[in-house]
Structures are given as structure tokens and as C-alpha cells.
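Notes for the one structure printed next.
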Amino acid sequence: MFEKIIVATDGSDHASEAIRVACDLAKKYGSKLHIVHTPQAIGDTLIVGYTAVPVPPTKEEIEKAGREVIGAAEAEIREAGVSDFTSQLVSGDPAHAIVEEAKACKADLIVMGRRGLGSLTGLLVGSTTTKVAQLAPCAVLTVK
């Protein structure tokens with residue numbers, strides 16, 4: 001039924017649950033898993049007197065954090081007993097990146113957390129999960 005499953009992760013608890021569900025499905029259907037992570041720049045703020053100055057992370061810091069998230073997801077998948085998987089660190093808008101990976105991989109299913117590490121803005125503007133569900137070329141399973 002599902003030959004290729006994309007599992008999107010941002011390192012959140014919901015993403016971890018999505019990984020568990022994707023592993024379950026992969027074992028049941030003999031599917032290949034493809035992990036996708038789109039690291040986002042979340043910087044620190046430097047307070048100088050009455051002024052707050054945003055300090056964006058470097059490209060290297062973003063890539064390092066992204067590799068850590070992918071590494072944790074890979075470890076979860078191995079621990080679940082799934083060995084047939086690949087992973088991809090992609091850049092850009094998370095929703096569009098996930099959909100593009102699904103198209104490129106000819107995925108049958110995208111599994112992702114209903115909520116992630118996104119800000120309150122996601123509630124007002126539309127979450128990554130909602131965008132993926134609207135744009136996806138395949139079925140989307142959201143996990144709580």
C-alpha cells in the first residue's frame with residue numbers, strides 16, 4: 001500500500017511520535033522511509049541597555065543543529081527496527097520543502113506531527129502541517 005513514506009521532523013515531541021507511527025507503517029507494509037528536516041534560523045537576542053538586538057545564527061550553526069535533529073531521528077528509526085531509510089536536510093520554507101521531497105521521491109504518504117516547534121504565528125497564518133496537507137501530491141497523516 002505505501003512503498004515510500006516521507007516522515008518530516010523538526011525535533012519536537014509531535015515529530016517523534018510521527019517517526020514512531022511511520023516506523024510502524026513501514027514495518028507493516030515493507031515501506032522505505034525518507035526523513036526530511038528543514039532547519040530554521042532561530043537566533044538569540046542581545047540586550048544592550050534598552051535595546052534588543054537580534055543575533056542570527058551562522059549557516060554552520062544552522063547546519064549543525066539540522067544534522068543533530070536528523071541524527072536523532074535516524075537513531076529513533078534504527079531503535080524501532082527499521083533499516084531501510086534515507087534522510088535529507090533541506091532548506092527553504094518547511095512546507096514547500098516537504099512537498100518537493102515527496103514529489104521527488106514519489107512518496108505515497110507523508111507522516112508528520114500535527115504541531116511542532118513553530119511559533120504562535122503558525123496559529124494565525126497557517127501551520128506547516130496545514131500547508132503540506134493542502135499542497136501534497138499524496139496522502140498526509142498527521143500525528144498528535
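The values are calculated or read from the model by the stated rules, or taken from the named source; none is laboratory data. Bear in mind that the values here come from a model prediction, so they are computed numbers and not experimental data. In this analysis, Cβ positions are derived from the backbone assuming ideal geometry, glycine residues included, and neighbour counts consider all displayed protein chains.
What the table below lists for this structure:
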quantity	calculated
Residue in the range 56-78 that is buried (at least 19 other Cβ atoms within 10 Å of the Cβ), out of contact with any strand residue (DSSP E or B) (no Cβ under 6 Å at 6 or more places or on another chain), at pLDDT 95 or above and not acidic (Asp, Glu) present	no
Residue among 83, 87 that is of a type in the set (Ser, Thr, Tyr) and part of a strand (DSSP E or B)	87
Matching residues, the range 15-33, being of a type in the set (Ser, Thr, Tyr) and over 17 Å from the mean Cα position of the chain (by Cα)	29, 31
Every pair of residues 6+ apart whose Cβ atoms lie under 6 Å, when the first sits in the range 79-91 and is under 13 Å from residue 39 (Cβ atoms) while the second is in a loop (DSSP other than H, G, I, E, B) and hydroxyl-bearing (Ser, Thr, Tyr)	90/38
Flag if residue 97 is assigned to a loop (DSSP other than H, G, I, E, B), within 15 Å of residue 7 (Cβ to Cβ) and modelled with pLDDT of 95 or more	no
Enumeration of residues in the range 1-33 that are in contact with a His (Cβ under 8 Å, 6 or more places away or on another chain), among the charged types (D, E, K, R) and assigned to a loop (DSSP other than H, G, I, E, B)	10
Residue within the range 63-71 that is within 18 Å of the chain's Cα centre (by Cα), in contact (Cβ under 8 Å) with a residue 60 or more places away in the chain and within 21 Å of residue 132 (Cβ to Cβ) present	yes
All positions within the range 100-111 that are under 13 Å from the mean Cα position of the chain (by Cα) and part of a strand (DSSP E or B)	110, 111
Selection status of residue 36, touching a residue at least 12 places away in the same chain (Cβ under 8 Å), surrounded by 11 or more Cβ atoms within 10 Å (Cβ to Cβ) and part of a strand (DSSP E or B)	yes
